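Here's the structure, in structure tokens; my notes come after.
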Amino acid sequence: MAAHQEKKPSEERNHRSMQNDTRTAQVQWGRAWEVDWFSLASILFLLLFAPFIVYYFIMSCDQYQCSLIDPLIDLFTGNKHLSDIWNKTPTLTYRAAGIYTLWVAFQVFLYVFIPDFCHKFLPGYVGGVQEGAVTPAGAVNKYEINGLQAWMITHVLWFANAYYFHWFSPTIIFDNWIPLLWCSNVLGYAVSTFAMIKSYFFPTSAKDCKFTGNFFYDYMMGIEFNPRIGKWFDFKLFFNGRPGIVAWTLINLSYAAKQQELYGQVTNSMILVNVLQGIYVLDFFWNEAWYLKTIDICHDHFGWYLGWGDCVWLPYLYTLQGLYLVYHPVQLCTANATGILLLGLIGYYIFRMTNHQKDLFRRTNGNCKIWGKKPEYIECSYMSVDGTKYYSKLMTSGFWGWARHFNYTGDLMGSLAYCLTCGFEHILPYFYIVYMTILLTHRCIRDEHRCFSKYGKDWKRYTAAVPYRLIPGIF
């Protein structure tokens, strides 16, 4: 989306009309102002059960060889009680607390105190100080983009330790996986609670806050749009990317090391998981500046949904395939391994090229070529809180002419490839594709609801030109 702005003369607005314009614009941006019963019920369910869902998956691997059914059978038949399962669960340890504290502190240090230098020698990489999208209140935040650098430094130290220093075992993450789960929950709840308190007493930008009056909704979905400490520590950018996504590849490497320790080899399925998910992680950090224009940064407020989700849900449930393969090593035949690899790479190509087309279109204000010709688009406009009128272009050609969220289609293809590496013996590793399908479909719907509120009749013209959301001809 390419945009430019037009300021209304101040004399054209009196105080009352400005308030009305503000209220209208605020409705069009970000999350909801009012909470319907279904949203509240969904939020209460997640607040109550999401931590137990994560625990159940990890406990199933630790005590039941990754079977999701056997724990329920034991409980319903009386073979075991909840107390029996809980008593066998590893508790929080000082060792795990120390590991996790050092990990988070190190990532904060890399994020805040080491300015990006990668953009100075990596052609095509955009790092350093970059501007984000316009906030609902009309502000433009600046970010220090240094995620790729943090990832590189972290992994250089990881491999240096594994092959030279030997400060700790490469299996350290797997060996402390459940105690680390308690640590990540502590951080997730702490940062979410702090963000809510901050929004009431010392918000970074009061005009970008949203209060519904419903405690549970505000706690989960967030009140502040871009909570910050100091000039550069942005909660959303840090917790979305670090420590969870930097850890993603380290977690998989620890799983591979454990497989080597237990069985004397690393299976090709484990290698595939490391490679395919590693590509996704590297893509995220290579395009971190582009990420500033995505829904997470541009529209989501920072609450439990992002704070706890990035600390707990992401590192624990996005890595289930590698965890499963530690307990159930799978050696794929050459044909199956090749097919899964191709599915993952094609999915990544679609995901990346679709996003690249949109980014190119936005950066050039439509003065570019998509598939060898000038892109087609629909012009539209919207208003910010301060009464500024912005003009945008919504592209209707290239992959964006096939479906309105074709990048999500590529993402789902890659997600399916991760799961297929695990074979079909258990359903646990397939949670990821089920979850991603629900997540991205829901994201399509809420994003389009927001776009309709934002663009109005212009959005109707866009959906008429591009009628499908994810799969051309089907959905």
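No other residue among 418, 430, 462 is open to solvent by 20 Å² or more (accessible area, probe 1.4 Å), modelled with pLDDT of 85 or more and out of contact with any Pro (no Cβ under 7 Å at 6 or more places or on another chain) apart from 430. Exactly one residue among 62, 70 is within 19 Å of residue 317 (Cβ to Cβ) and surrounded by 15 or more Cβ atoms within 10 Å (Cβ to Cβ), and that residue is 62.
Restricting the range 448-474 to residues that are touching a residue at least 24 places away in the same chain (Cβ under 8 Å) and hydrophobic (A, V, I, L, M, F, W, C) leaves a set whose member that is farthest from residue 438 (Cα to Cα) is 465. Evaluate the range 101-109: report whether one residue or more is farther than 16 Å from residue 174 by Cα, open to solvent by 60 Å² or more (accessible area, probe 1.4 Å) and of a type in the set (A, V, I, L, M). For the range 101-109, residues farther than 16 Å from residue 174 by Cα, open to solvent by 60 Å² or more (accessible area, probe 1.4 Å) and of a type in the set (A, V, I, L, M): present. With the structure loaded, tell me whether residue 52 is touching a Phe, Trp or Tyr at 6+ places or on another chain (Cβ under 8 Å) and under 30 Å from residue 306 (Cβ atoms) or whether it fails that test. Judged against the criteria, residue 52 is not a match. Residue 361 meets all of the listed conditions (1) at pLDDT 95 or above; (2) assigned to a helix (DSSP H, G or I); (3) of a type outside the set (D, E, K, R) but one, namely (1).
Against the list (1) outside any strand (DSSP E or B); (2) outside the structural domain of residue 239 (by the TED database); (3) open to solvent by less than 40 Å² (accessible area, probe 1.4 Å), the condition residue 336 fails is (3). Screening 348, 382 for residues that are among the hydroxyl-bearing types (Ser, Thr, Tyr), open to solvent by 40 Å² or more (accessible area, probe 1.4 Å) and either outside any loop (DSSP other than H, G, I, E, B) or more than 30 Å from residue 422 (Cβ to Cβ) (or both) leaves exactly one candidate, 348.
Could you tell me whether the range 254-262 includes any residue that is over 13 Å from residue 191 (Cβ atoms), surrounded by fewer than 21 Cβ atoms within 10 Å (Cβ to Cβ) and either modelled with pLDDT under 95 or touching a Lys or Arg at 6+ places or on another chain (Cβ under 9 Å) (or both)? Checked against the condition, which is being over 13 Å from residue 191 (Cβ atoms), surrounded by fewer than 21 Cβ atoms within 10 Å (Cβ to Cβ) and either modelled with pLDDT under 95 or touching a Lys or Arg at 6+ places or on another chain (Cβ under 9 Å) (or both), the range 254-262 yields no hits at all. Within the range 186-204, the set of residues being surrounded by 14 or more Cβ atoms within 10 Å (Cβ to Cβ) and free of Cβ contacts under 8 Å to residues at least 40 places away in the same chain comprises 186, 193, 194, 198, 199, 203, 204. May I ask you to verify whether residue 57 is part of a helix (DSSP H, G or I), modelled with pLDDT of 95 or more and either open to solvent by 50 Å² or more (accessible area, probe 1.4 Å) or among the small types (Gly, Ala, Ser) (or both)? In short, no. Counting the residues of the range 248-269 that are free of Cβ contacts under 8 Å to residues at least 60 places away in the same chain and part of a helix (DSSP H, G or I) gives 1. Under the condition of being of a type in the set (Phe, Trp, Tyr), within 25 Å of residue 278 (Cα to Cα) and part of a helix (DSSP H, G or I), the residues counted in the range 154-195 number 7.
The set of residues from the range 205-215 being touching a residue at least 12 places away in the same chain (Cβ under 8 Å) and over 15 Å from residue 230 (Cα atoms) comprises 207, 208, 209, 210, 211, 212, 214. Applying a threshold of 8 Å to beta carbon distances and a minimum spacing of six or more residues, or different chains, the list of pairs starting in the range 282-309 at a residue that is under 15 Å from residue 443 (Cα atoms) and ending at one that is of a type in the set (Val, Ile, Thr) and assigned to a loop (DSSP other than H, G, I, E, B) reads 301/223. Taking the criterion of being part of a helix (DSSP H, G or I) and either of a type in the set (Ser, Thr, Tyr) or farther than 12 Å from residue 222 by Cβ (or both), the residues of the range 196-211 that qualify are 197, 199, 200, 201, 206, 207.
The values are calculated or read from the model by the stated rules, or taken from the named source; none is laboratory data. Just so you know, these numbers come straight off a predicted model, no measurement behind them. Cβ coordinates were reconstructed from backbone atoms using ideal geometry, including for glycine residues, and neighbour counts include every protein chain displayed. Note: areas computed on protein heavy atoms with side chains; ligands, DNA, RNA excluded. Shrake-Rupley method; radii C 1.70, N 1.55, O 1.52, S 1.80 Å.
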